[in-house]
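Asker: Take this structure first; my questions come after.
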Amino acid sequence: MNVITSSYRGDKYQEWRILEESLPIIELELGIKRKPLELPREKATLLEEREKSVDYVREEKSRAEKMELELTTYLADLLKHRLDQAIRFGKEFNVGFLSNYLQELFGPVLHFDSLLSITQQYGLSNNEIVHEEGKTGKRTGWSLALFGDPGTGKSFSTRDMILGKPDAKVGAHGLPGRNRYCGGITPARFIRIGEAYAGKVFNFIVPEFNDFFRYKGMVEPLKIAMEQGEIKYETHREIIGPYRFTSFFSVNYNVSVHERGYAVTIRDPNFNAIEDRMLCRLHRLTKERFIEITKSQMKLALGSIDIEESARRIRDHLTLVYAIETGHPLAKERFRYKPVMITPHVFDVISKARESILERIPQKVVKFSARLEDKALRFACAASLMSYFGSDLDYVPVDEYALRLATQLYVEEASVRSGEAFEPEEVLKKVLEG
């Protein structure tokens, strides 16, 4: 019987895990019970002291410099050898194209998670969102959370599709040099290394977000990080910061999923403040999802899914758009920056969805905040950047299909936050077809 198995294998990093079904046997043999989520204070203190013994900030600054070089090297190679192909591809590419591509690979249910992860990568350019009269104060960047039942494909979407998984012939779809993988690091270490990224925009991929909350006092600094605020963290022997965190997150965590709604397994009652600051997507292991997962696993095992070449085209396009929109020195003189422009029509659709949702919530108290609308709008604008080469306008208009997907996200997440007190399909039919 295999007790330990490889859970992730990349070019430079490998993770191992104990199979969930093996844990009861191991616990029985060792005569132990599974420990509660919250670490005892003395162990947490020992880990904090161990973290302090290494200059993680200096190490991380070196890592960040290497990641900058990775992006520049990739971009230089793209501009020299594949620029014409990338532009031709970009004239045809948009979020609808991406959706069809992913549905052909993974099916109508499973594909949406990878679409979210790839769209978030476009948002990392953190473009200005404007309207016809000027600036809105909003930008395209946002943090993503996939949560729900174990084994529903969360890590595949946020990690493997973005960083790549060569053994399975899954090419990296994400930005080169802009995704900091955080497997295995403690939250105290994250707070320390965050200083190395102050003023920069990276994406921090956290594969087991639950583990961050085994330690007391993590909600407040992580909440501030997700607000891109000023972090200052104090222990009894150390003060970290203050520094301003300007990056984003892509996280997975497990919850207890009910027939309607869910319950977090993280003990901190303030965790909802973290969820409120991310665009969240609930994973329920339905029959449809189960079938698509098993089919995808079979395809990957048999080698019938080989998406390395398709991944390269998407990654080239993403990198080129990102370089243009962030004013990278290699692209700044060759292409023009375009903000994303929203129109009254965009707000009309979102407002119509809001009104329809509120009509269907029986209780007086609303269990989600206005941040949900903000994240849905940011998603629509990030997804619209895929259409950068689709017109000669000096701005990027909000793609109509991107707006439909954003509305779907808004309605479905509002339903989940409301304990699934209404059926999202009814609202979407009224808003999008009525």
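Asker: Enter the accessible area per residue of the chain (Å², integer; probe 1.4 Å; all protein chains in place).
Answerer: Accessible surface, normalised per residue, equals 48 Å².
Asker: Got the relative contact order for the chain handy, in percent, Cα pairs under 8 Å and 6 or more residues apart?
Answerer: Once normalised by length, the contact order is 21 percent.
Asker: Another question about this same structure. Find the all-direction average of the projected area of the Cα convex hull for segment 271-314, expressing the result in square nanometres with one decimal place.
Answerer: Result: a mean projected hull area of 5.2 nm².
Asker: Using +1 at the Cβ of each Lys and Arg and -1 at the Cβ of each Asp and Glu in segment 259-350, identify which of S310, H345, T265 lies farthest towards the dipole's positive end.
Answerer: Checking the options against the dipole of segment 259-350, the answer is S310.
Asker: Sorting check: for 91-104, 285-298, which peptide has the highest mean count of neighbouring beta carbons within 10 Å, and how do the rest follow?
Answerer: Ranking the peptides 91-104, 285-298 by packing returns 91-104, 285-298.
Asker: Oh, and also: What translational D, rounded to a whole number of µm²/s, comes out for segment 245-331 from Stokes-Einstein when the hydrodynamic radius is the Kirkwood one over Cα pairs, at 25 °C and 0.890 mPa s?
Answerer: Roughly 141 µm²/s, to the nearest whole number.
Asker: Compute the Kirkwood hydrodynamic radius of segment 289-368, taking the inverse of the mean of 1/r over all pairs of distinct Cα atoms, and give it in Å to one decimal.
Answerer: 18.0
Asker: At q = 0.12, 0.26, 0.29 Å⁻¹, what log₁₀ I(q)/I(0) does a Debye calculation on the Cα points of segment 133-197 give, no solvent, two decimals?
Answerer: The computed values of log10 I(q)/I(0) come out as -0.48, -1.23, -1.26.
Asker: Dividing the convex hull volume of the alpha carbon atoms of the chain by its residue count, what do you get in Å³ per residue?
Answerer: It is 161 Å³ per residue.
Asker: In the calculated pair distance distribution of segment 355-434, what percentage of Cα-Cα distances lie above 17 Å?
Answerer: So the portion of pairs separated by more than 17 Å is 50 percent.
Asker: Let me ask you something else. Report, largest value first, the span of the C-alpha coordinates of segment 336-391 along each principal axis, in whole Å.
Answerer: 49, 18, 13
Asker: In addition: Please report the spacing between the Cα centers of segment 125-173 and segment 204-229 in Å, no decimals.
Answerer: 18
Asker: Sticking with this structure for a sec: Take the eigenvalues of the Cα gyration tensor for segment 173-317, scale each by 5, and report the square roots as semi-axes in whole Å, largest first.
Answerer: 32, 23, 12
Asker: Taking every Cα atom in segment 298-434, find the radius of gyration and the maximum pairwise distance Dmax, and write them in Å.
Answerer: Over segment 298-434's Cα set, Rg and Dmax evaluate to 18.8, 55 Å.
Asker: Kirkwood Rh over Cα pairs of segment 48-165 into Stokes-Einstein at 10 °C, 1.306 mPa s: D in µm²/s?
Answerer: Using the Kirkwood radius from Cα pairs, D works out to 89 µm²/s.
Asker: I've got another one for you. Taking amide hydrogens as modeled 1.01 Å from N in the peptide plane, which residues meet the under 5 Å criterion relative to I231, leaving out close sequence neighbours?
Answerer: Here the answer is Y243, R244, F245, since their amide H atoms fall under 5 Å of that of I231.
Asker: Where in the chain are the DSSP H helices whose C-alpha atoms run 15 Å or more along the long axis and whose mean Kyte hydropathy is at least 0.0?
Answerer: 95-106
Asker: Over 29 Å between Cα atoms: which of K135/K332; K165/K429; K165/K295; K200/K375 fall into that group?
Answerer: K165/K429, as the Cα separations exceed 29 Å there.
Asker: I would also like to ask the following. When the Cα centres of segment 55-80 and segment 244-270 are compared, how far apart do they sit, in Å?
Answerer: 31
Asker: Could I ask something else about it? Using a 1.4 Å probe and ignoring any ligands, DNA or RNA, find the accessible area of E355 and quote it in Å² to the nearest 10.
Answerer: About 110 Å², ignoring ligands and nucleic acids.
Asker: Now, a different point. So how much slack lies between E423 and R58, counting 0.36 nm per residue of separation and subtracting their Cα-Cα distance, in nm?
Answerer: Length gained, E423 through R58: 126.3 nm.
Asker: Continuing with the same structure: Using the Cα centre of segment 345-395 as the reference point, and only Cβ charges (+1 on K/R, -1 on D/E), how large is the resulting charge dipole? Debye, rounded to the nearest 20.
Answerer: For this selection, approximately 480 debye.
Asker: Give the shape of segment 195-237 as rounded, prolate or oblate, defined through the alpha-carbon gyration tensor: a ≥ b ≥ c are the square roots of its eigenvalues, a/c under 1.5 means rounded, and otherwise the shape is prolate if a/b is larger than b/c and oblate if not.
Answerer: oblate
Asker: Now a separate question. Taking the convex hull of the alpha carbon atoms in segment 96-162, what volume per residue do you get, in Å³?
Answerer: Hull volume normalised by residue count: 108 Å³.
The values are calculated or read from the model by the stated rules, or taken from the named source; none is laboratory data. Please read all numbers here as calculations on a predicted model, not as lab measurements. We place every Cβ from the backbone using ideal geometry, glycine too, and count neighbours over all the protein chains shown. With ligands, DNA and RNA removed, areas are computed over all heavy atoms of the protein, side chains included. Shrake-Rupley method; radii C 1.70, N 1.55, O 1.52, S 1.80 Å.
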